[in-house]
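Undergrad: The following block contains the structure, expressed as structure tokens.
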Amino acid sequence: MQENRPSRPENKETPPKRRMGSKKVAPTTEIVTDEAEAEIIQADIAAEELSPVPASEQTPMPTSSEKTSSKQNGHGLRASLAVVSGRTAGALSRRLHLGGGTSIAGVVAQRLYPDIVEHLSTQLQQGSILVTGTNGKTTTSGFIAAILSDAGLRVWRNREGSNLMRGIAGALVIRTQPNGRLRRSGQAVSIFEVDEAVMPQAVRTIPTRIAVFTNLFRDQLDRYGEVDSVLKRWEQTIKALSPETILVLNADDPTVAALGTQFTGRVVYFGIEDSELDLANQEETGERHQVVDSHICPRCGGEYTYTLRFYSHIGHYHCPQCGMGRPQVDIRATKVENESFDRQRIHVETSTQAGEITVPLPGIYNVYNALAAIATAQALEVNWEPTISGIEQFKPAFGRGERVQIAGRTARMLLAKNPTGFNEVLRTLQTNSNKSHVLFVLNDNIADGKDISWIWDIDFEQALEGFATLTVAGTRARDLALRLKYAGVDVHTLVVAPSTPLRAEKREERTQASARRRSRQRNNSSNHLELTEEELPPVEHETTGAIPQVIPPRAAGKTYGIAQALDRAIERTPEGETLFIVPTYTGLLEIHRELERRGLTPHYWEETGP
Ligand SMILES: [Zn+2]
């Protein structure tokens with residue numbers, strides 16, 4: 001935060017504690033989903049675009065004498081100015097199709113009033129739920145939102161990818177009236193996904209009713225350096241929390257669970273207690289899922305011993321030196337069974353409830369996301385029925401298992417942005433009874449992490465049997481192809497579709513194309529000037545320059561860019577079957593834009609990156 005900032009607004013009381021989901025406190029029959037809310041906001045923004053705030057109504061920047069004469073009023077004026085300017089900038093950005101309107105609204109508002117998040121978030125009558133962790137933030141937030149909506153509450157969220165302070169600022173600003181007061185008097189539960197590194201700042205700024213920590217894995221190396229540095233920030237977060245806050249922690253992640261020992265307030269732990277899921281009981285063992293990011297006892301530095309391990313460092317552990325171990329859990333899944341490829345039946349027990357819930361997503365990691373949401377609902381004293389229906393009716397966010405129909409095939413998006421996430425996706429694909437058609441998209445943009453060395457931690461070796469066809473795309477497609485070659489993939493079966501040709505290839509293609517054009521002109525068949533795919537010799541493979549012996553001598557007609565990659569992958573997937581698209585974060589955005597361009601997916605993707 002800025003130094004030298006004005007004092008906090010007076011309105012600082014803790015959000016009222018209420019039983020949620022009961023008729024008394026949720027009298028509204030109007031259940032508003034995030035999407036509906038987004039439409040309202042879109043309509044508002046459109047209205048604003050039509051009639052920009054007239055100069056006479058614009059709030060002038062308060063002078064210093066105004067500030068001293070009435071501090072509170074000064075805050076209101078500043079907030080008002082920040083909101084109006086932020087929203088105007090956001091609307092302008094949308095109109096110019098620059099994207100990221102919400103984030104721009106936040107950036108502008110914060111520039112004009114650095115304490116805008118604090119000013120607005122203190123108006124939230126029901127307080128805020130913050131969700132952080134390496135993986136699962138979006139899905140966990142989605143589950144929580146679904147449960148609270150089913151309980152009759154209005155839910156506000158920040159969009160995926162806008163999980164820094166400016167994104168949170170934007171999410172609040174677009175829900176604020178020009179007078180600086182939140183819409184609907186702030187009568188909504190807000191759920192904010194928060195970047196791991198931003199968490200200390202977020203809890204110091206936003207009155208936090210519940211803080212959810214999902215897990216801590218090694219993410220993009222060049223972004224935060226080490227798991228340790230995130231852990232340090234989380235420890236600062238715990239120190240900064242009000243004792244009124246309720247912590248919701250994954251008991252099966254030792255690093256996350258240990259945060260509970262540093263907190264004086266209430267902690268709700270969730271975890272899995274099904275020994276069938278132990279890696280030792282699973283068919284394929286060996287080197288799979290060996291990416292262990294943290295297994296050292298934070299109290300004494302001893303190495304944890306596991307009695308059950310579900311994946312990576314997630315499981316039942318204890319320290320043989322000092323006895324520190326997995327805490328008693330409050331919300332547990334005692335049985336996890338695959339109903340079908342993408343549905344899991346879990347038996348959940350809490351101190352007061354027990355029952356079966358169907359999680360409409362694949363993978364153990366999604367069981368954890370559901371448990372985190374159930375734990376949050378329990379902490380808020382939401383009734384059991386909306387808890388079940390919220391989970392079961394949940395519609396996955398884009399990239400989290402969502403389906404799209406393309407040319408008679410089903411495409412399913414499974415975001416994989418770090419080795420643990422990637423291994424879990426591969427493991428999920430293994431549960432598919434058929435061999436899978438897969439399109440990997442590996443990008444190295446800033447939001448993905450520039451360092452892609454983590455692909456060497458992915459256990460492709462164990463997953464090879466499960467692939468029917470493999471197509472590789474993205475800015476680092478060649479590196480992934482090399483990785484797959486080392487894993488034992490026959491490069492002749494691989495279609496590699498990098499974003500752009502290597503320079504030498506570009507030259508060669510230009511030469512070939514102009515040669516063909518000349519030859520066609522000579523043959524006087526110029527009614528068909530553009531090269532079609534049939535005219536180009538088919539090429540099924542290419543790979544990085546690091547292993548020149550496998551580059552075909554005269555490769556041409558290669559596949560470049562996401563659109564062609566998608567076409568090739570679809571083409572290779574028989575009609576009626578499923579193509580699994582496994583992208584990194586910006587790869588997902590590209591795929592989404594491409595599907596949107598083809599009119600295959602609703603235009604609800606507001607943000608363009610963190
Ligand atoms: Zn220890």
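Undergrad: One residue is enough: does segment 346-365 have a residue meeting the conditions within 16 Å of the ligand (Cβ to nearest atom) and touching a helix residue (DSSP H, G or I) at 6+ places or on another chain (Cβ under 7 Å)?
TA: no
Undergrad: For segment 434-442, indicate whether the set of residues that are surrounded by fewer than 18 Cβ atoms within 10 Å (Cβ to Cβ) and either of a type outside the set (A, V, I, L, M, F, W, C) or more than 26 Å from Arg343 (Cβ to Cβ) (or both) is non-empty.
TA: Yes, there is a match, as at least one residue in segment 434-442 is surrounded by fewer than 18 Cβ atoms within 10 Å (Cβ to Cβ) and either of a type outside the set (A, V, I, L, M, F, W, C) or more than 26 Å from Arg343 (Cβ to Cβ) (or both).
Undergrad: Pairs, please: C-beta under 9 Å, at least 6 apart or cross-chain, first residue of a type in the set (Asp, Glu) and in segment 310-322, second part of a strand (DSSP E or B) and within 16 Å of the ligand (Cβ to nearest atom)?
TA: Partner pairs satisfying both residue conditions: none exist.
Undergrad: A further question follows. Could you tell me whether Ile246 is of a type in the set (A, V, I, L, M), more than 16 Å from the ligand (Cβ to nearest atom), modelled with pLDDT of 95 or more and buried (at least 21 other Cβ atoms within 10 Å of the Cβ)?
TA: The answer is yes for Ile246.
Undergrad: Do the conditions hold for Thr237, that is, is it in contact with a strand residue (DSSP E or B) (Cβ under 7 Å, 6 or more places away or on another chain), at pLDDT 85 or above, buried (at least 22 other Cβ atoms within 10 Å of the Cβ) and within 21 Å of Ser141 (Cα to Cα)? Show your work before the answer.
TA: Numbers: in contact with a strand residue (DSSP E or B) (Cβ under 7 Å, 6 or more places away or on another chain): no; at pLDDT 85 or above: yes; buried (at least 22 other Cβ atoms within 10 Å of the Cβ): yes; within 21 Å of Ser141 (Cα to Cα): yes.
Spelling it out, it is not the case that Thr237 is in contact with a strand residue (DSSP E or B) (Cβ under 7 Å, 6 or more places away or on another chain), at pLDDT 85 or above, buried (at least 22 other Cβ atoms within 10 Å of the Cβ) and within 21 Å of Ser141 (Cα to Cα).
Undergrad: On the phi > 0 side of the Ramachandran plot, in the same structural domain as Val496 (by TED's automatic domain parsing) and at pLDDT below 95, is that true of Ala407?
TA: For Ala407, the condition - on the phi > 0 side of the Ramachandran plot, in the same structural domain as Val496 (by TED's automatic domain parsing) and at pLDDT below 95 - is met.
Undergrad: Related question: So Ala463 passes all but one of these: (1) surrounded by fewer than 18 Cβ atoms within 10 Å (Cβ to Cβ); (2) out of contact with any Ser or Thr (no Cβ under 8 Å at 6 or more places or on another chain). Which condition number does it fail?
TA: Here Ala463 meets the rest and fails (1).
A quick yes/no check of all residues on (1) in contact with a Ser or Thr (Cβ under 9 Å, 6 or more places away or on another chain); (2) among the hydroxyl-bearing types (Ser, Thr, Tyr):
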residue	(1), (2)
Glu381	yes, no
Gln405	no, no
Thr410	yes, yes
Val425	no, no
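Undergrad: Kindly check whether there is at least one residue in segment 582-597 that is surrounded by fewer than 16 Cβ atoms within 10 Å (Cβ to Cβ), part of a loop (DSSP other than H, G, I, E, B), at pLDDT 90 or above and on the phi < 0 side of the Ramachandran plot.
TA: No - not one qualifying residue is present in segment 582-597.
Undergrad: Restricting attention to segment 322-335, report how many residues are touching a helix residue (DSSP H, G or I) at 6+ places or on another chain (Cβ under 6 Å) and within 16 Å of the ligand (Cβ to nearest atom).
TA: 1
Undergrad: I'm checking my understanding of the structure. Among residues of segment 294-321 that are away from the ligand (no atom under 16 Å from the Cβ) and within 11 Å of Asp253 (Cα to Cα), which one is surrounded by the most Cβ atoms within 10 Å (Cβ to Cβ)?
TA: Here the answer is Ile314.
The values are calculated or read from the model by the stated rules, or taken from the named source; none is laboratory data. Remember, it's a predicted structure, so these values are computed and weren't measured experimentally. When we count neighbours, we look across all protein chains shown, and the Cβ atoms used for this are built from the backbone with ideal geometry, even at glycine.
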